[in-house]
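K.L.:
Would you mind keeping the following structure in view while I ask a few things?
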Amino acid sequence: MAERFEIAQKAMLSFLDGKKYNTLRDMLSTMNPSDIAGIFDSLEEQRIPVMFRLLPKELAAEVFVEMEPDAQELLIKGFSDNELKEVLDELYVDDAADLVDEMPANVVKRILKHADPEMRSAINQILRYEEYSAGSIMTTEYVSLRPNMTVGEAILRIRRQGVDKETIYTCYVTDSSRKLLGIVTVKDLLLADDDETPIRDIMITNVIYATTSTDQEEVARMLRKYNFLAMPVLDSESRMVGIVTFDDAMDVMEEEATEDIEIMAGMTPSEKPYLNNTPFELFKNRFPWLSMMMVSATFTGLIMTSFEDALSKVIALSAFIPMLMGTGGNSGSQSSVTVIRGLSLGELKFRDIGEVLWKELRTAVLCGLGLALVCFAKIWLIDRMLFNNPDITLMVDLVVCCALCVTVIIAKAVGAVLPMVAKVMGADPAVMASPFITTIVDAVSLLVYFLFAKLILGL
């Protein structure tokens, strides 16, 4: 795939340099809009407007939607008034709203100036909804039918209106006040026994829907769960105001996954692609978290300071501290990632915390005992016998293994519980992942380690 992309890009540049515009236009017309947008995003700025103007009108709008915001802004600034209006006329309302939301104020002013009144009104309506809600990502372009329509009338209506709608496969049956009564698919219409059959006789009345205030991530989960191509969105008065399509839900899931990964890695999420971030922007996203984790790590230093006497008496103990802390952090991260995934997919609720904790504790005991056995053999056979270290005694080996086993159990319990507590408190569970769990587990593992040292070695 990547090789084909590079070949196409080189061919396009060759045609452009050779001013073979007709050949280039024919080539572009056969390509997928996403592929064209990918090629455009990798071009030099001065080449993008030239190639964009070669695209047919409808294809140009589809490519424009797929392009990065920087390239979109470049094109808008270079468009004539007529060119801008042509592109806007071909955009779906939700795409136009996303464009307005991402562009600077001077560009937004020009977009709204050349958008037709109906689109401008729809854009303003979408932008009024709370960010990250179903209302903010929906489109108002859908096919609505009346219950008293016949199948034949419905098909004619789809033919007349469908060209301007985001999807026509699922049609929504509403009354005169836009109350949602049911849904009917094009498949249902085409397979109906008689063209005179009323829509009310074949429509599905048990409709699953979202409201304008429903969180966008929840809408995405509902689309995935029920395998819908689109989800109807109702306002506070149960009137249908739009739909969320599957492609928008996919974008939401990608954004949420990226955000969780960045938070779990100890960074403030960025909405920009990596290459579009300046070093200073990356610094702002990373420095606060690094500072917080650095300061929190001083607690482990305080613990080690308080047990200096024990370390001075048995120097060998210090050699196993990195291993102990690292294994504890890894164990906690394993549990937290599993639980966070379950929470994000809706598989786990706070009421399941007891079952989750019990399952993780049993798993932790098995993991802890297994790791302790491996650790015991490694220390005795390699550190003691192979390297002939006289400071490694049977009691020291026992201290390390006991501490390791208990640390793994505690780490997995913490990693399982903290994300669920964060969820019920209204915080992002991902925040409770690596940074906080690792800090907590590091401190606890040291305390456990030195307590076992005092107990077994009598320090």
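K.L.:
Suppose we filter Asp352, Asp383, Asp391 for residues that are buried (at least 17 other Cβ atoms within 10 Å of the Cβ) and acidic (Asp, Glu); which single one remains?
P.N.:
Working: Asp352 fails: buried (at least 17 other Cβ atoms within 10 Å of the Cβ); Asp391 fails: buried (at least 17 other Cβ atoms within 10 Å of the Cβ).
Criteria check complete, one pass: Asp383.
K.L.:
Moving to a separate point now. Just to check your reading of the model, which residue among Glu271, Glu254 is modelled with pLDDT under 85, outside any loop (DSSP other than H, G, I, E, B) and either surrounded by fewer than 16 Cβ atoms within 10 Å (Cβ to Cβ) or not charged (D, E, K, R) (or both)? Spell out the reasoning first.
P.N.:
On the way: Glu271 fails: outside any loop (DSSP other than H, G, I, E, B).
None of the others qualify; the one that does is Glu254.
K.L.:
Sort through Phe246, Phe228 and tell me the only one that's surrounded by 13 or more Cβ atoms within 10 Å (Cβ to Cβ), within 29 Å of Asp70 (Cβ to Cβ) and at pLDDT 80 or above. Even if it seems obvious, please write down each step before you answer.
P.N.:
Details: Phe228 fails: within 29 Å of Asp70 (Cβ to Cβ).
After ruling out the rest, the residue left standing is Phe246.
K.L.:
Is there a residue in the stretch 392-410 that is at pLDDT 80 or above and not in a helix (DSSP H, G or I)? Steps first, answer last, please.
P.N.:
Quick first cut of the stretch 392-410, residues at pLDDT 80 or above only: 392-410.
Among the residues that remain, those that are also not in a helix (DSSP H, G or I) are: 392-393.
Among the residues of the stretch 392-410, at least one is at pLDDT 80 or above and not in a helix (DSSP H, G or I), which makes the answer yes.
K.L.:
Same structure again: Of the residues that make up the stretch 102-121, is at least one of a type in the set (A, V, I, L, M), outside any helix (DSSP H, G or I) and either surrounded by fewer than 17 Cβ atoms within 10 Å (Cβ to Cβ) or more than 21 Å from the chain's Cα centre (by Cα) (or both)? Step through it out loud before you land on a result.
P.N.:
Taking the stretch 102-121 and keeping what is of a type in the set (A, V, I, L, M), we get 103, 105, 107-108, 111-112, 115, 119.
Applying the additional criterion that residues be outside any helix (DSSP H, G or I) yields 103, 115.
Right, trim to either surrounded by fewer than 17 Cβ atoms within 10 Å (Cβ to Cβ) or more than 21 Å from the chain's Cα centre (by Cα) (or both) and you get 103, 115.
Looking for residues that are of a type in the set (A, V, I, L, M), outside any helix (DSSP H, G or I) and either surrounded by fewer than 17 Cβ atoms within 10 Å (Cβ to Cβ) or more than 21 Å from the chain's Cα centre (by Cα) (or both), one finds at least one in the stretch 102-121, hence yes.
K.L.:
Return the total of residues in the stretch 122-143 being assigned to a helix (DSSP H, G or I), of a type in the set (S, T, N, Q) and either touching a residue at least 24 places away in the same chain (Cβ under 8 Å) or within 17 Å of Ser236 (Cα to Cα) (or both). Spell out how you get there, then give the answer.
P.N.:
Let us first name the residues in the stretch 122-143 that are assigned to a helix (DSSP H, G or I), namely 122-128, 134-137.
From what is left, the residues that are of a type in the set (S, T, N, Q) are 124-125, 136.
Narrowing further to those that are either touching a residue at least 24 places away in the same chain (Cβ under 8 Å) or within 17 Å of Ser236 (Cα to Cα) (or both): 125, 136.
The number of residues fulfilling the criteria is 2.
K.L.:
Quick one: would you say Glu6 is assigned to a helix (DSSP H, G or I) and not hydrophobic (A, V, I, L, M, F, W, C)?
P.N.:
yes
K.L.:
Another question, then. In the stretch 166-181, is there at least one residue being buried (at least 20 other Cβ atoms within 10 Å of the Cβ) and modelled with pLDDT under 90?
P.N.:
yes
K.L.:
Something else now. Which pairs do you get when a residue that is farther than 13 Å from Val186 by Cβ and free of Cβ contacts under 8 Å to residues at least 12 places away in the same chain, found in the stretch 150-173, comes within reach of a residue that is hydroxyl-bearing (Ser, Thr, Tyr) and buried (at least 17 other Cβ atoms within 10 Å of the Cβ), reach meaning Cβ atoms under 9 angstrom, with the pair 6+ apart or on two chains?
P.N.:
Here the result reads none, with nothing in the stretch 150-173 linked to a residue that is hydroxyl-bearing (Ser, Thr, Tyr) and buried (at least 17 other Cβ atoms within 10 Å of the Cβ).
K.L.:
Select, from Gly346, Gly342, Gly368, the only residue that is surrounded by 19 or more Cβ atoms within 10 Å (Cβ to Cβ) and among the small types (Gly, Ala, Ser).
P.N.:
Details: Gly346 fails: surrounded by 19 or more Cβ atoms within 10 Å (Cβ to Cβ); Gly342 fails: surrounded by 19 or more Cβ atoms within 10 Å (Cβ to Cβ).
Matching residue, one of Gly346, Gly342, Gly368: Gly368.
The values are calculated or read from the model by the stated rules, or taken from the named source; none is laboratory data. Predicted model only: the values in this text are computed from it and were never measured. As a convention, Cβ positions derive from the backbone with ideal geometry for all residues, glycine included, and neighbour counts pool all protein chains shown.
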